[in-house]
Amino acid sequence: MKYTDRHGDTWEELTSQSGVAELECTESDTAGFAGTVLPKLEVETDWGPLTPVPEPSECAARADEDKAAGPTVSDVMSRASVFQAAHAMVSGLKWGDDDAPSIYDVLQVAKWMGESE
C-alpha cells in the first residue's frame, strides 16, 4: 500500500519481521530523503496525515488502452450491420397511413438487437 503525506512525499509499506509497521519514502522533493525507512507511527506523527494512494486496477488500465486505440474497422462494421438489420426490420413492418418509421424506432430495434446478442 502506498501513501502520500502532507508534503506530497510518497511512502510505501514494508513487510517487517519484527511486526512493527514500517514505511519507506519512495518519492520526495527533499534531497536524500527518498529511501528513508521509518516506523509508520513516526511518519504519521511527524508528516501525517497519510492519504492512501489509489492503485490503478488492471481493468481500468485495459479500458484506457481500448479508448486510446479507438474503434477498429470490425467494431464499426458490426455496429453498421446491426443498424442496417434494424432498419430493414422497421422498414418491413406495416405502418399506418399517418405513421412512418422514425430514426428513434430504428435505434430502439438496434439497441434491442445488440442486447440480445
Q: Kindly rank 91-98, 31-38 from highest to lowest mean number of other beta carbons found within 10 Å of each residue.
A: 31-38, 91-98
Q. What net charge do the residues around residue 30 carry, taking every other residue with its C-beta under 12 Å from that of residue 30, with Lys and Arg at +1 and Asp and Glu at -1?
A. -4
Q | Prolate/oblate/rounded call for segment 70-116, Cα gyration tensor, a/c under 1.5 rounded | A | prolate
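Each value in this text was obtained by applying a stated rule to the coordinates, not by laboratory testing. Everything quoted here is computed from the prediction, not taken from an experiment. A quick note on method: Cβ atoms are made from the backbone with ideal geometry, for glycine too, and the neighbour counts reach across all protein chains shown.
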